[in-house]
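Okay, so here's the structure we're looking at.
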Ligand SMILES: *[C@@H]1O[C@H](CO)[C@@H](O)[C@H](O)[C@H]1NC(C)=O
Ligand SMILES: *[C@@H]1O[C@H](CO)[C@@H](O)[C@H](O)[C@H]1NC(C)=O
Ligand SMILES: *[C@@H]1O[C@H](CO)[C@@H](O)[C@H](O)[C@H]1NC(C)=O
């Protein structure tokens, strides 16, 4: 998919036509798993979900960095939707994360993800990273997705994190939405 932005606009328009108001009424995490690809570089102290109530599930994770400062971070973010197994859906993007942090306005969908992540994490600063990366009790809310066409279903977001042109870790987040 070479033009994610165009595709995003198209599906958003389609979504807006099919559902004139709020797309989803409930959204929650259903699973998470974290994989380190380079233990001497970074490892997960924890990576877990905690159910707070029927419709609230909190995600927390902590990444320990062993080779600081980390000045070069890249991300690949892929969306999947479950049909018969998880299939690529809507979004697959690789970016230079340090550059993104310097100029957040530029990448639509990631900007949305980042907006709900930043109050629950310590990643909201420009590179370098010198401390453990922490996400603390992140909870999804339907209104975060008001601008995103996510029909009811099960999704997987695969976030692969790299540094200095080498993939270091994978975070797989599974979530479910209801209309
Ligand atoms: C996403 O794009 C990368 C290249 O940027 C590719 O290697 C990968 O297979 C793609 N993933 C999917 C699910 O299409
Ligand atoms: C994240 O950082 C930017 C720029 O430093 C700031 O404007 C914004 O309020 C911060 N967001 C949060 C949730 O702290
Ligand atoms: C930093 O990352 C970018 C890709 O995100 C890459 O093009 C560049 O070569 C990297 N720099 C170093 C010093 O590894």
Legend entry - Helix 4-18 vs. the chain, principal-axis angle (Cα, 0 to 90°, nearest 10): 30
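As a test of the formula, what do you get for the chain when each DSSP H run with n ≥ 4 contributes -39,500 (n - 2.57) and the sum is divided by the residue count, at 222 nm and rounded to the nearest 500 deg cm²/dmol?
After summing the helix terms and dividing by residue count, I get -5000 deg cm²/dmol.
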Legend entry - Neighbour-count ranking [beta-carbon atoms within 10 angstrom, fewest first] of 62, 54: 54, 62
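Looking at the square roots a ≥ b ≥ c of the eigenvalues of the Cα gyration tensor of the chain, which shape do they give, rounded for a/c under 1.5, prolate if a/b is larger than b/c, or oblate? Provide the component values of the computation, followed by the final result.
Values: a/c = 1.84, a/b = 1.42, b/c = 1.29.
Here the chain falls in the prolate category.
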Legend entry - Footprinting exposure proxy for 24, 157 (fewest neighbouring C-beta atoms within 10 Å first): 157, 24
Legend entry - Nitroxide proxy distance, nm - points 7 Å out along Cα→Cβ at residue 64 and residue 130: 2.0
Inset, instruction - Report, in degrees rounded to the nearest 10, the 0 to 90 angle that the Cα long axis of helix 108-117 makes with the longest principal axis of the chain. - result: 70
Inset, instruction - Would you mind ranking 52, 75, 138 so that the residue whose beta carbon has the fewest other beta carbons within 10 Å leads the list? - result: 52, 75, 138
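Taken together, the values in this text are just the output of simple stated rules run on the coordinates, not laboratory data. Worth saying up front: this structure is predicted, and the values here are computed from it rather than measured. Neighbour counts run over all protein chains shown; Cβ positions are idealised from the backbone, glycine included.
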